[in-house]
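The values are calculated or read from the model by the stated rules, or taken from the named source; none is laboratory data. Predicted, not measured: the structure shown is a model, and the values here were computed from it. Ideal geometry is used to build each Cβ from the backbone, glycine not excepted, and the neighbour counts take in all protein chains shown. Protein only, heavy atoms only, side chains kept; ligands, DNA and RNA dropped before computing areas. Shrake-Rupley method; radii C 1.70, N 1.55, O 1.52, S 1.80 Å.
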Amino acid sequence: MDKKKLLAGMEEAARAAGRIMLEANDIEHAVHDKEGHGNFVTDYDRRVQEYLFEELGRLLPQARFIGEEEGADVFTEEDRKGYAFCIDPIDGTTNFIMGYRPSVTSIGLLLDDKPYMGIVYNPYDDMLFSAVRGEGAYLNGKRIRSSEAPLSRSLIMFGTAPYNPEKAEETFALCAQYLRRGVDLRRSGTAAWDLCSVAMGTAGLFFETRLGLWDYAAAALVAEEAGCVLTDLEGKPLRYDGPSSVLCASGGVAKGDYLPE
Ligand code: IPD
Ligand code: CA
Ligand code: CA
């Protein structure tokens, strides 16, 4: 399949998904509980995922799918071969329900277990991030690069791993140390957006103690292609076969000491 056509098709699908989010109304009556603490799904998450599975399936019929609203969160051996779409229809569902911004659509495409293409779309500000492995990261068609500022001059984004309350102490201990080491902390409510913030240079570091693959598959490639360094919280290379902790440092931050102490 032609790379350009594939990327354009994925971008179009993300924009259409964004329209479904923008046109959503009466969201409070479309909310359903999921397993775990404060974990919800709306009819819109399901609608967007169904739409993306259908559109992207047409685009690349040989690809496998892993989507948040589907159940499984780990790739099987079989999933690791060839193309696999890894999708979070709405990243920032709680934001979406509460009317807090942003929420984004995240479409990652892995090839043999490695990120190959990634699209993250924030429909509220019409910001479309895209990346193809080895070809740089873009925001609305313009090349982006992460910040060159050191950690001491950078904002730090973090996620609370809200569906895993047992991670709270570890998370807030990390917050305390990074508050000392950086300028200040920010919590947006969407991990894909956090990673794109480091990619576009508005923040210098992002961490979360546990994310699903669909949360970071697309945005991690955007960040990497923008010059960021991605690992898990132990500093090991980030894996793309199931849930993981995630640490993302801008090019500038990665030049100094930034791993958790
Ligand atoms: C969540 C968001 C949040 C992060 C959670 C994710 P969801 O995804 O990315 O920022 O802290 O760990 O699960 O549930 O809104 O798709
Ligand atoms: Ca998510
Ligand atoms: Ca989601």
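Quick rundown of the values:
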read-out: Count - residues of the stretch 31-46 that are away from ligand 2 (no atom under 16 Å from the Cβ) and either open to solvent by 100 Å² or more (accessible area, probe 1.4 Å) or closer than 19 Å to residue 83 by Cβ (or both); value: 1
read-out: Any hit, the stretch 55-78, residues being free of Cβ contacts under 8 Å to residues at least 40 places away in the same chain and crowded, with 19+ Cβ neighbours inside 10 Å; value: yes
read-out: The stretch 93-126: number of residues that are in contact (Cβ under 8 Å) with a residue 60 or more places away in the chain, open to solvent by 20 Å² or more (accessible area, probe 1.4 Å) and among the hydrophobic types (A, V, I, L, M, F, W, C); value: 1
read-out: In the stretch 163-178, the residues that are at pLDDT 95 or above and either within 13 Å of ligand 1 (Cβ to nearest atom) or of a type in the set (A, V, I, L, M, F, W, C) (or both); value: 167, 168, 171, 172, 173, 174, 175, 176
read-out: Test for residue 230: is it outside any helix (DSSP H, G or I) and under 16 Å from residue 133 (Cα atoms); value: yes
read-out: Search result, residues across the stretch 195-218 that are in a helix (DSSP H, G or I), more than 11 Å from ligand 2 (Cβ to nearest atom) and not hydrophobic (A, V, I, L, M, F, W, C); value: 197
